[in-house]
Amino acid sequence: MEDKADDTALPELVRRAQAGNMSAQNALIVAYQARLAGFVYAMLGRAAPVDDLCQDVLIKMLKGLPRLLDPALFEPWLFRLARNACIDHTRRERWRRMFTFFDPATDDPPVFVDTDKRERIEALLALLQRLPARDRTLLLMAQEGLSLAEMARATGTTTTTIKTRLHRARERLRDLYAKRT
Amino acid sequence: MQNEPELSALWPDIRKQGTAALRPHLAQRVLARVAAARDELSPQTAVLVGFGAVMACLALTLAVNSWREHRANDEALAQWSVVAAEGTKLGQEDTL
């Protein structure tokens with residue numbers, strides 16, 4: 001479904017990056033930065049923290065790479081790091097807002113899609129924010145082309161549980177859509 | 001994905017928006033940060049180095065104390081030997 005990296009090339013690239021090859025590490029970042037940015041943007045519903053969070057996730061990825069035993073599990077592991085970073089960020093923001101009387105002006109960068117699409121994206125992201133983080137994560141991981149087994153590995157549950165949760169998440173999103181219109 | 005057609009339809013644009021939020025040269029920034037972190041001591045190494053330094057100070061203090069005690073004992077022993085020798089000498093003179 002998605003432009004996933006080639007099945008044979010990715011483990012090899014991960015292995016070279018694990019060995020400390022800087023050009024492989026660079027290639028790995030370049031290959032995943034757009035997918036990661038889309039995932040983080042959809043998870044948070046805001047563009048402003050995307051760069052910082054992506055940078056943090058990629059730094060954690062490079063530091064933790066030597067401990068990744070199976071290079072084939074790179075993708076679910078990376079999205080797990082991204083999910084955790086987004087959840088931590090949301091938690092921190094909630095605390096920050098409790099002690100901030102005036103919300104600072106949003107510094108979201110300009111958008112590059114037409115107005116109609118922009119409104120649809122904003123509406124969709126707002127609906128996604130109304131879903132629990134767990135449901136949102138699954139919908140976005142599915143959108144990123146992760147298999148049920150990969151999602152199970154990334155979230156630390158079983159494939160059957162993921163199947164049920166994903167089904168419920170889709171139903172919830174559909175309900176939200178129905179209520180909106 | 002037939003259950004959320006809007007999400008699938010808009011996903012490429014969402015990704016585009018997310019990518020547009022990235023500042024330039026993300027890969028270089030990440031690699032530079034990781035390289036800089038490699039030059040710093042890791043928390044575990046810092047704790048080990050600190051612990052090692054404390055243990056070395058403790059060992060040095062114990063060694064100096066031990067040496068000073070030995071020296072004091074040697075001096076006392078030497079003085080005592082002189083006194084004992086003189087005492088023996090006086091005792092012999094008294095007997096005579």
Against the empirical 2.2 N^0.38 Å scaling, what ratio does the C-alpha Rg of the stretch A:1-108 come to? 1.21
In order through the stretch B:48-61: 3J(HN,Hα) via Karplus (6.51 cos²θ - 1.76 cosθ + 1.60), integer Hz, x for Gly, Pro: 5, 5, x, 4, x, 5, 4, 5, 5, 4, 4, 5, 5, 4
Just how many pairs of Lys in chain A have C-alpha atoms closer than 26 Å, counting pairs that are eight or more places apart or on different chains? 6
What 222 nm value per residue comes from the helices of chain B, counting each DSSP H run with n ≥ 4 as -39,500 (n - 2.57) and dividing by all residues, nearest 500 deg cm²/dmol? -31000 deg cm²/dmol
Rounded to the nearest 500 deg cm²/dmol, what is the calculated helix-only ellipticity per residue at 222 nm for chain A, with -39500 (n - 2.57) per DSSP H run of length n ≥ 4? -24000 deg cm²/dmol
Mind putting a number on the dipole of the stretch A:1-108 about its Cα centre? Charges go on the C-beta only, +1 for Lys and Arg and -1 for Asp and Glu, and I need it in Debye to the nearest 20. 500
For a quick check: sort A:K117, A:K63 by the number of other beta carbons within 10 angstrom, fewest at the front. A:K63, A:K117
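None of the figures in this text is laboratory data; all of them are computed from the coordinates on show. None of these values were measured; they are calculated from a predicted model. Virtual Cβ from ideal backbone geometry, glycine too; neighbours counted across all protein chains shown.
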